[in-house]
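This report concerns only the one structure given below.
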Amino acid sequence: MTKYEKGRIVTGCVTGIEKYGIFVGLDEYYSGLIHISEISDGYVRNINDYVNIGETIKVKVLDSDDDIYHVKLTIKDIDYRMNKKKNHKIIETPNGFNGLSNNLDIWINEKYSEIVSKK
């Protein structure tokens, strides 16, 4: 029985990106390729829009070759992102930039004096 069964969803690390697909390290022995046709049902203009090198993602196993420790993978139809970016709304304080504008000249003069005194 193979370690990576067809249909199983596993975690891997993106180790390389080429025009034709994404290389994923699964463990110390197994690695896999997500062919460009297995990234999305739509047209993939730039693979870098989907993943980054070093990113940990979920992948679905399409096929496995235990003799050469290679796995064919897909990210179609699965939620492959491990750490989704959260959109945090920035709430403006009542004072806004007043603290910066009130102190900027003071901070610049302090830093300038510090630099001049070191010469």
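Where a number appears in this text, it was derived from the coordinates with a stated rule and is not lab data. Source: prediction; values computed, not measured. Positions of Cβ are backbone-derived with ideal geometry, glycine not excepted, and every protein chain shown enters the neighbour counts.
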* Computed from these coordinates, which is Cα extents along the principal axes in Å: (i) 42, 42, 32; (ii) 71, 39, 27; (iii) 33, 32, 22? -> (ii)
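Full-extension gain between Glu55 and Asp27, please, as 0.36 nm times their residue separation minus the C-alpha to C-alpha distance.
Result: 8.6 nm gained on full extension.
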* **Dipole of the stretch 9-74, positive end: most advanced residue of Thr11, Gly42, Val59 [Cβ charges, Cα centre]** => Gly42
* Residue-span extension gain [Lys118 to Tyr69] - 0.36 nm each, minus C-alpha spacing -> 11.6 nm
* Structure fact -> Toy charge model, Lys and Arg Cβ at +1, Asp and Glu Cβ at -1: the chain dipole around Cα centroid in debye, rounded to 20, equals 400
* Let me know the number of lysine pairs in the chain closer than 18 Å at the Cα, not counting same-chain pairs under 8 apart. => 17
* Label-point separation, Ile9 to Ile78 (7 Å along Cα→Cβ), nm -> 0.7
* Degrees, to the nearest 10: 98-118 long Cα axis against longest axis of the chain -> 80
